[in-house]
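Below: one structure, written as structure tokens.
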Amino acid sequence: MKKQLRAVSVVLVTLALGACGGTEPVPEDPFEALDNSVVALLDGNYTFRHATTYQVVDGSMLADARSMRVTLDSRVEGQQFTSDFVTVSGERFVLLDFSRVENLTSALPDVMTGAKWVPLTDPAVTELGGIPFPTPGDDVIGATAAVRAVTDVRETGDNAYAGTLDLTQVGPGVLRVGPTAELLAQLGDAAAAVPFTATVDGEGRLLTFVYDVPAAGSVPANHVELTLSGYGAAQAPPKPDPAKIAPYDEAMKAIQQK
């Protein structure tokens with residue numbers, strides 16, 4: 001509602017200036033500028049990064065071609081692993097490497113050490129090991145949710161903004177890379193006013209959105225950087241080498257036994 005009221009006020013001011021014969025353009029409201037900055041994501045053609053103190057998600061989106069690539073690199077001590085999701089014209093594959101995770105047997109199958117791709121031929125399979133699989137068209141890094149969670153914003157320079165956001169409105173996102181329920185509970189009221197900075201390009205499209213989550217209880221502080229680029233220029237990823245794709249049934253059996 002508050003954003004609707006802001007939009008109405010901007011229109012009324014514009015009309016008033018027009019009635020007085022003014023020719024100066026009305027500066028775009030900062031809230032509206034940020035809201036509009038994520039509209040280009042609906043085209044589904046861009047590259048992205050979600051980098052935190054503990055993990056990095058990189059990828060590209062080409063929704064019209066039903067293609068995308070997403071790489072998740074977890075850097076949590078003792079839980080380092082990588083997962084590489086590839087969708088090519090609707091065909092899904094995932095490459096998992098848990099060889100650095102502590103307390104796992106050293107005799108991991110190829111499909112858990114990054115040696116073999118798992119072909120996700122069963123559409124009912126939407127996650128493995130608690131890791132959900134994104135689909136072309138998803139806002140994988142949650143940029144839209146982050147922008148829409150802004151509670152206060154001001155323009156700090158050309159195409160630059162700063163303010164606060166309500167972390168409870170961000171959510172864990174497609175890959176569960178956002179704030180957890182545990183973190184939000186421990187942050188308490190502080191979650192409602194987390195400082196952020198943002199930049200947009202010359203066409204008003206979001207380039208960066210950065211915020212710092214304070215430490216809370218047993219949860220350490222976290223620096224979060226969302227980066228978007230390559231609007232309209234993303235390329236479909238190549239299909240994995242057939243020689244490195246494991247038979248689906250064998251792969252699933254090996255994973256389920258671990």
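The lysine pair count for the chain, using Cα distances under 29 Å and pairs eight or more places apart or on different chains, is 8. Residues considered: 38, 76, 170. Largest GNM mean-square fluctuation over the chain, using C-alpha springs under 10 Å, is found at 76. Computed extension gain for residue 223 through residue 250, at 0.36 nm per residue and net of the alpha carbon distance, reaches 5.8 nm.
Within the accessible surface of the stretch 143-258, defined with a 1.4 Å probe on protein heavy atoms only, the carbon and sulfur portion equals 52 percent.
Using a probe of 1.4 Å, the accessible surface attributed to residue 197 totals some 70 Å² when neighbouring protein chains are kept in position.
How would you classify the stretch 100-258 from its alpha-carbon gyration tensor, with a ≥ b ≥ c the square roots of the eigenvalues: rounded for a/c under 1.5, else prolate if a/b is greater than b/c, otherwise oblate? The shape class here is oblate.
The values are calculated or read from the model by the stated rules, or taken from the named source; none is laboratory data. Just so you know, these numbers come straight off a predicted model, no measurement behind them. The area values use the complete protein model at the heavy-atom level, side chains included, leaving out ligands, DNA and RNA. Shrake-Rupley method; radii C 1.70, N 1.55, O 1.52, S 1.80 Å.
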